[in-house]
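Asker: Encoded as structure tokens, here's the structure I'll be asking about.
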Amino acid sequence: MGFAYFPHTDEDIRAMLDKAGAVSLDSLYSDVPEDVLFKGEFDIPDAMTEMEIRRRFADLSSKNRKLKIFCGAGAYDHYSPAAALSMISRPEFLTSYTPYQAEVSQGTLRYIFEFQTMMSMLTGMDCSNASMYDGPTSAAEAMLMAMSCTRKKKRILLSGTLLPQVLQVVETYMGFHGVGLDVIPGKDGESDLASICRELRSEDVAGVLVPGINRYGIIEDLSGLADAVHDAKALLAVYSDPSSLAVIRTPGEWGADLACGEAQSLGIPLNAGGPYLGFLCCRQEFVRKLPGRIAGETVDADGKKAYVLTLQAREQHIRREKATSNICSNQSLMALYVTVYLSLMGPQGLRRVNDLSYGGAHSLHSRLLETGLFTDAFGKPFLKEFTLRSRLPVDRLQKSLLDKGIFGALSCGEDLVSFCVTENRTEEEIEQVVDAALFCHLDICRDIVNDKLSPDHEILR
Amino acid sequence: MSKIIDGLFYSESHEWVKLEDGIAVIGITDFAQKSMGSIVYVDMPDEDDEVSRNEEFGAVESVKAASDLYAPVSGTVMEHNGELEDDPGLLNRDPYAGWIIKVRMSDPAETSELMDSAAYAEFLARQE
Amino acid sequence: MKYYDKLIFGLSKERRIGFSLPENSWKDRADGIPANLKRSSPLDLPQVSEPDAVRHYVNLSDMNFSVDTGFYPLGSCTMKYNPRISEEVASFSGFSGIHPLQPAESMQGVLRIYSELSDWLCALTGMSAFTLNPFAGAHGELTGLMIMRKYHLSGGDTGRTRIIVPDSAHGTNPASAAVCGLEVVQVKSTGEGLIDMESLLPLLDETVAGIMMTNPNTLGLFEKDIHRIEAAVHAAGGLMYYDGANMNALLGKVRPADMGFDIMHLNLHKTFSTPHGGGGPGAGPVGVTENLKHLLPMPAIRKRDGTGEYEIAMPESSVGRISGFMGNFGMLMKAYTYILMLGKRNVRKVGPYAVLAANYVKESLKDRYRLPIPSLCKHETVFDGLAACSGDVTTLDVAKRLLDYGFHAPTIYFPLLFHQSIMIEPTETESKETLDAFIDAMKKIADEALTDPDLLKEAPHNTPVRRPDETLAATHPVLVYQHKP
């Protein structure tokens, strides 16, 4: 029986074996020790037809529950334009290799150049690379870069208000790299700038990483931080949600040297966590230490405008163990997605996305407070994500939401819960969140009446 | 054949040193620039940075290669050649005019460990 | 492919829009953000209509070479065909809307794919457990080395800070080792292109964490001494790391665990046929033997005992978190589909057909291109430039001329062991007719190198752009679009 992806007929195989001077396919492995050749049966399924595969995926798909997403925490349910999905399905983009052969890769190189330009515009920085794996790894790379730019320094500072997964990934990387790392706990829901500045006095710090919008959804006020970091001859990196940068103060405007973060918020579907893409932007003076691929403009032999991967002397295939980073690929196709997305949205569309998210989030915020079941955790400005103190037990609140097909009230420690609203959420869905909270309250009261819970329960106070 | 100039000191990593009133002017040799190809960037230390003999003080980069620079002598950087920022190709066109850094030496005796032009010529002959 | 000279910025006109969003009917809008926290600089993103944007990107795509338009003889990259069914199922809506932090109960379909794919990769490699979190091969290497280091450290063995890497290794190997805080010790190759045992043995002491190997190596040669290497490394207390970049040669034939490897990564975008996407996203799952299982990064997906349900665990013993969530799930679905399409019988032919194609090309070209190591190769073969030419025609010229013939260039100047390396990996999905056409083109180029060397030196001639000035690009980098006044 043939197989759709193996084009060789028996006759072809015979002819090729003859030319190769081999008697059989097995003899092509005569240089492999006999005891290493696998003779058993592989414990994987029998081949399926496309029809069977479709059925299997329909079945697998039915085991997932499509929920209304009121959670952010580093992955956002923003609107995905049909044209962006369509463009990344173009086979000439989808099935092409890394654009090392510039002459036949101008399509990829041009969109990377456009991507770099757009990310620089959003972050207010001078330049960008062609993308990184995801937000948390871009933060780790930013810190490695800070050390490379400050040469001998080997300590970094992270704000405790960064998303937990960002802290964890940076900690993992730095731990193995032999770098001193201090997480400075947040204060009143924001980065503790005074403590960070105190730590900087020791002058051994290479880089400082703080969020633009933090894990509680708060838009941080980073006034004065850049000056303090620069006085200590360190680099400031701001971890940002690029979608928000259409309306909030940019890393460039805060005086940052590096901007990193997760660009999934630019319309990429949630997709159970990937593929997404990270970004890393910097000021001009640091560009030769920027990790990853970078496209640049030049001319060809005829003087025509052309694009190439450039500044390659930074990269692993040339520097080997002395490279800025071990990164080899980028999330190229996702960079294309983001480029098409930003082209379609333009400044007005991105502002509209933020207006709708802001409006919806502030509406949910006030309606939840009106129930009396929540109090504001920090009372600080937010965009689309906010954190409340819940008087309802967090697990029961989450369950009531799930019963209505809603994923929200993500636990942020103790009685803190966060919600996120994007333009994909409707007024009706927001109403359902409030209803679920009220229902949860009712359910708890019922348990108290039915003696399942103590009448001293906090909810009655 | 690579060009070698009399009166300079040379290191095995192909840097040259010219002494000017106790100041070491440092660059890369003609052999080094030829083996690099078109130089596109020179990574140089800043004024007041310390450099130590046989330790990295920067790098030269071409399109497809990068080569670290090793200090032939120890001391304090007084100046780096700002001209190379705009025109790194100077190192290809005239490697002995295109100096990279000037160093106030902390131990002038270190030059005795470097080669003179004849020794360097012999060293290159063995390499080639 | 034709030349198209626009950037999206050039199509922009004030007030054009390409989005479809409702008007804001909420009471509040983002103007409510306090002034000192607001963006104050203008945002010059392009303003284009959807038809203009679509036409622009389709025109850009037309300047690209791709697997779907032609053959890539690209060594060490395994540019095989990417099945369409994988693309279809990966876009099923039942997966695209899943938030990665959703409760495990609400994403059992996702977790089952994750778990089954891990099991199948174990079956195909002989490893005991896989994490699918790493985003790419280099990310897998880093993860694997973290596991290696943590293994030694958690046993109280703090002195193992060196890693042995052959001089023929991919550049990512030493770079990953350096990021992981390991000192790289290079081991030489013999004249036959294999690891030099005489050089290796003296390096093995109590400072060595392990060795990173690609087998077959980057010359496409099987390291025949694998048993001796494995025994010596293990005897010295080190671990064996397998760089799975060349796994396509062995798929269905040899399992890395059976060669004595303890840790390995796979490149799903190579061996398991997920599309390269112009340089990513890929996926670099890491597999380990039983005694290293507890060190795999978190989150870890597990089958709950007896229930048939899957859960997401955060094991304390793990090396830590190396990715925001659970890897490039979309890519995992495609590899999962590819394995299902192949099935247990066809999978046995992947390696042999790939090796057959490489040896066929090798034998067909060896008269015209210098073949430094004539022995049986595995999935790829390395030539050291033209056997004969007039003037100074280089490997670069051959590669560029090949573009004129409608083929992608091979991998060139790698491995570094030869000065004029041309590395060719044909894969199992190319027909004999395609290989013959490629061989013909390579022979014609060898003829041209004798009769008309300038034709090669100036190639390519009929691509959208000709050789770009890379020196200019790197000396005076222009990395973002400059608005023309």
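Asker: Would you call A:LYS68 crowded, with 17+ Cβ neighbours inside 10 Å and basic (Lys, Arg)?
Answerer: yes
Asker: Which residue, of C:GLY237, C:GLY244, C:GLY260, C:GLY220, is assigned by TED's automatic domain parsing to the domain that holds C:LEU117 and touching a Cys at 6+ places or on another chain (Cβ under 6 Å)?
Answerer: Just a single option satisfies the conditions, and that option is C:GLY220.
Asker: I've got another one for you. Scanning for something open to solvent by less than 10 Å² (accessible area, probe 1.4 Å) and within 11 Å of the chain's Cα centre (by Cα), does the stretch A:243-250 turn up at least one residue?
Answerer: No, there is no match, as no residue in the stretch A:243-250 is open to solvent by less than 10 Å² (accessible area, probe 1.4 Å) and within 11 Å of the chain's Cα centre (by Cα).
Asker: If you scan the stretch A:106-141, which residues turn out to be among the β-branched types (Val, Ile, Thr) and either outside the structural domain of A:LEU157 (by TED's automatic domain parsing) or out of contact with any Cys (no Cβ under 6 Å at 6 or more places or on another chain) (or both)?
Answerer: Residues of the stretch A:106-141 that are among the β-branched types (Val, Ile, Thr), as a first pass: A:108, A:112, A:117, A:123, A:137.
Within the stretch A:106-141, A:THR108, A:ILE112, A:THR117, A:THR137 qualify.
Asker: Still on this model: Name the single residue, out of those in the stretch B:40-53 being outside any strand (DSSP E or B) and within 11 Å of chain A (Cβ to nearest Cβ), that is least open to solvent (accessible area, probe 1.4 Å). Walk me through how you get there before you give the answer.
Answerer: Initially, the stretch B:40-53 is screened for residues outside any strand (DSSP E or B), giving B:44-49, B:52-53.
Next cut, within 11 Å of chain A (Cβ to nearest Cβ) only: B:45-46, B:49.
Values: B:PRO45: 5, B:ASP46: 89, B:ASP49: 56 Å².
Ranking the qualifying residues of the stretch B:40-53, first place goes to B:PRO45.
Asker: Out of everything in the stretch A:406-461 that is in contact with a helix residue (DSSP H, G or I) (Cβ under 7 Å, 6 or more places away or on another chain) and of a type in the set (Ser, Thr, Tyr), what residue ends up being least open to solvent (accessible area, probe 1.4 Å)?
Answerer: In this case the residue turns out to be A:THR422.
Asker: C:LEU292 is checked against (1) out of contact with any strand residue (DSSP E or B) (no Cβ under 8 Å at 6 or more places or on another chain); (2) in contact (Cβ under 8 Å) with a residue 24 or more places away in the chain; (3) open to solvent by less than 50 Å² (accessible area, probe 1.4 Å) and fails just one. What number does that condition carry?
Answerer: For C:LEU292, the failing item is (1).
Asker: Before we move on, is A:MET87 crowded, with 17+ Cβ neighbours inside 10 Å and within 25 Å of C:TYR353 (Cα to Cα)?
Answerer: no
Asker: Just checking, how many residues over the stretch A:180-192 are without any contact (Cβ under 8 Å) to a residue 40 or more places away in the chain and crowded, with 20+ Cβ neighbours inside 10 Å?
Answerer: Going residue by residue through the stretch A:180-192, those that are without any contact (Cβ under 8 Å) to a residue 40 or more places away in the chain are A:180-187, A:191-192.
Of the ones still in play, those that are also crowded, with 20+ Cβ neighbours inside 10 Å are A:184, A:186, A:191.
Looking only at that region, the number is 3.
Asker: Select the helices (runs of 4 or more DSSP H) contained entirely in the stretch C:401-485, then report the ones holding at least 3 residues which are assigned by TED's automatic domain parsing to the domain that holds C:ASP367 and of a type in the set (Lys, Arg).
Answerer: By residue number, C:432-451.
Asker: Among the residues in the stretch B:54-65, are any modelled with pLDDT of 90 or more, of a type in the set (Lys, Arg) and open to solvent by 30 Å² or more (accessible area, probe 1.4 Å)?
Answerer: So far as the stretch B:54-65 goes, no, none of its residues is modelled with pLDDT of 90 or more, of a type in the set (Lys, Arg) and open to solvent by 30 Å² or more (accessible area, probe 1.4 Å).
Asker: What helices (runs of 4 or more DSSP H), lying completely within the stretch A:1-119, carry at least 1 residues that are at the interface with chain C (Cβ under 7 Å from one of its Cβ atoms) and without any contact (Cβ under 8 Å) to a residue 60 or more places away in the chain?
Answerer: Working: elements: A:10-20, A:50-62, A:82-88, A:91-94.
Ranges flagged: A:10-20, A:50-62, A:91-94.
Asker: Okay, next question. Quick check on C:THR78: is it out of contact with any Gly (no Cβ under 7 Å at 6 or more places or on another chain) and at positive phi? Steps first, answer last, please.
Answerer: Details: out of contact with any Gly (no Cβ under 7 Å at 6 or more places or on another chain): yes; at positive phi: yes.
The answer is yes for C:THR78.
Asker: Ok, one more. Looking at (1) out of contact with any Phe, Trp or Tyr (no Cβ under 8 Å at 6 or more places or on another chain); (2) more than 11 Å from chain A (Cβ to nearest Cβ); (3) among the charged types (D, E, K, R), which one does C:ARG302 not meet, given that it meets all the others?
Answerer: (1)
Asker: If I ask for residues that are in contact (Cβ under 8 Å) with a residue 40 or more places away in the chain and not in a helix (DSSP H, G or I), which ones from the stretch C:350-375 would you list?
Answerer: Passing the criteria: C:ARG368, C:TYR369, C:ARG370, C:PRO372, C:ILE373, C:SER375.
Asker: Which one is surrounded by the fewest Cβ atoms within 10 Å (Cβ to Cβ), of the residues in the stretch B:78-90 that are under 16 Å from B:ILE28 (Cβ atoms) and hydrophobic (A, V, I, L, M, F, W, C)?
Answerer: B:LEU90
Asker: Got at least one residue in the stretch A:429-445 being assigned by TED's automatic domain parsing to the domain that holds A:ARG352 and either among the hydroxyl-bearing types (Ser, Thr, Tyr) or on the phi > 0 side of the Ramachandran plot (or both)?
Answerer: In the first step, residues of the stretch A:429-445 are kept if they are assigned by TED's automatic domain parsing to the domain that holds A:ARG352; the result is A:429-445.
Then keep just the ones that are either among the hydroxyl-bearing types (Ser, Thr, Tyr) or on the phi > 0 side of the Ramachandran plot (or both); that gives none.
No: the stretch A:429-445 contains no residue that is assigned by TED's automatic domain parsing to the domain that holds A:ARG352 and either among the hydroxyl-bearing types (Ser, Thr, Tyr) or on the phi > 0 side of the Ramachandran plot (or both).
Asker: Quick one: count up the residues across the stretch C:439-472 that are more than 13 Å from chain A (Cβ to nearest Cβ) and either open to solvent by 40 Å² or more (accessible area, probe 1.4 Å) or of a type in the set (Phe, Trp, Tyr) (or both). So that I can check it myself, show each step before the final result.
Answerer: If we filter the stretch C:439-472 for residues that are more than 13 Å from chain A (Cβ to nearest Cβ), which is where we start, we get C:440-453, C:455-456.
Next, from what is left, pick out any that are either open to solvent by 40 Å² or more (accessible area, probe 1.4 Å) or of a type in the set (Phe, Trp, Tyr) (or both): C:440, C:443-444, C:447, C:450-452, C:455.
Summing the residues that are more than 13 Å from chain A (Cβ to nearest Cβ) and either open to solvent by 40 Å² or more (accessible area, probe 1.4 Å) or of a type in the set (Phe, Trp, Tyr) (or both) in the stretch C:439-472 gives 8.
Asker: What residue, of A:ALA301, A:ALA335, A:ALA323, A:ALA313, is small (Gly, Ala, Ser) and in contact with a Leu (Cβ under 8 Å, 6 or more places away or on another chain)?
Answerer: Working: A:ALA301 fails: in contact with a Leu (Cβ under 8 Å, 6 or more places away or on another chain); A:ALA323 fails: in contact with a Leu (Cβ under 8 Å, 6 or more places away or on another chain); A:ALA313 fails: in contact with a Leu (Cβ under 8 Å, 6 or more places away or on another chain).
Answer to the selection: A:ALA335.
Asker: Given the options C:VAL398, C:VAL393, C:VAL382, name the one that is more than 28 Å from A:MET16 (Cβ to Cβ), more than 10 Å from every other protein chain (Cβ to nearest Cβ) and touching a strand residue (DSSP E or B) at 6+ places or on another chain (Cβ under 7 Å).
Answerer: Residue meeting the stated conditions: C:VAL393.
Asker: On to the next question. In the stretch C:377-400, how many residues are in contact with a Gly (Cβ under 9 Å, 6 or more places away or on another chain), assigned to a loop (DSSP other than H, G, I, E, B) and in contact (Cβ under 8 Å) with a residue 40 or more places away in the chain?
Answerer: Here is the first cut: in the stretch C:377-400, the residues in contact with a Gly (Cβ under 9 Å, 6 or more places away or on another chain) are C:377-382, C:393-395, C:398.
Keeping just the survivors that are assigned to a loop (DSSP other than H, G, I, E, B) gives C:377-380, C:393-394.
From the residues that got through so far, the ones that are in contact (Cβ under 8 Å) with a residue 40 or more places away in the chain too are C:377-380, C:393.
Total satisfying the criteria: 5.
Asker: Go through the stretch A:90-116 residue by residue and tally those that are touching a helix residue (DSSP H, G or I) at 6+ places or on another chain (Cβ under 7 Å) and of a type outside the set (A, V, I, L, M).
Answerer: So in the stretch A:90-116, the residues touching a helix residue (DSSP H, G or I) at 6+ places or on another chain (Cβ under 7 Å) come out as A:90, A:92-94, A:96, A:99, A:101-104, A:107-112, A:114-115.
Subsequent filtering for residues that are of a type outside the set (A, V, I, L, M) retains A:90, A:92-93, A:96, A:99, A:101, A:103, A:107-108, A:110-111, A:114-115.
Going through the stretch A:90-116 one residue at a time, the tally reaches 13.
Asker: When C:ASN346 is evaluated against the numbered criteria (1) open to solvent by 10 Å² or more (accessible area, probe 1.4 Å); (2) within 30 Å of A:MET174 (Cβ to Cβ); (3) in a helix (DSSP H, G or I), which criterion, by number, is the only one it fails?
Answerer: (2)
Asker: Shifting gears a bit: Does the stretch B:100-111 hold any residues that are farther than 9 Å from B:PHE9 by Cβ and either polar (S, T, N, Q) or outside any strand (DSSP E or B) (or both), and which are they? Step through it out loud before you land on a result.
Answerer: First, pick out the residues of the stretch B:100-111 that are farther than 9 Å from B:PHE9 by Cβ: B:100-110.
Across the stretch B:100-111, the qualifying residues are B:ILE100, B:SER106, B:ASP107, B:PRO108, B:ALA109, B:GLU110.
Asker: Say we look at the stretch A:146-170 and pick out the residues that are more than 17 Å from the chain's Cα centre (by Cα) and under 16 Å from A:GLY135 (Cα atoms); which of these is surrounded by the fewest Cβ atoms within 10 Å (Cβ to Cβ)? If you could, list the steps in order and put the result at the bottom.
Answerer: First pass over the stretch A:146-170, keeping only residues more than 17 Å from the chain's Cα centre (by Cα): A:146-160.
Filter again for under 16 Å from A:GLY135 (Cα atoms), leaving A:158-159.
On the way: A:LEU158: 26, A:SER159: 28.
Once the filter is applied, the top-ranked residue is A:LEU158.
The values are calculated or read from the model by the stated rules, or taken from the named source; none is laboratory data. Please read all numbers here as calculations on a predicted model, not as lab measurements. Virtual Cβ from ideal backbone geometry, glycine too; neighbours counted across all protein chains shown. Ligands, DNA and RNA are stripped out before the accessible areas are found, and what is left, the full protein with its side chains, is counted by its heavy atoms. Shrake-Rupley method; radii C 1.70, N 1.55, O 1.52, S 1.80 Å.
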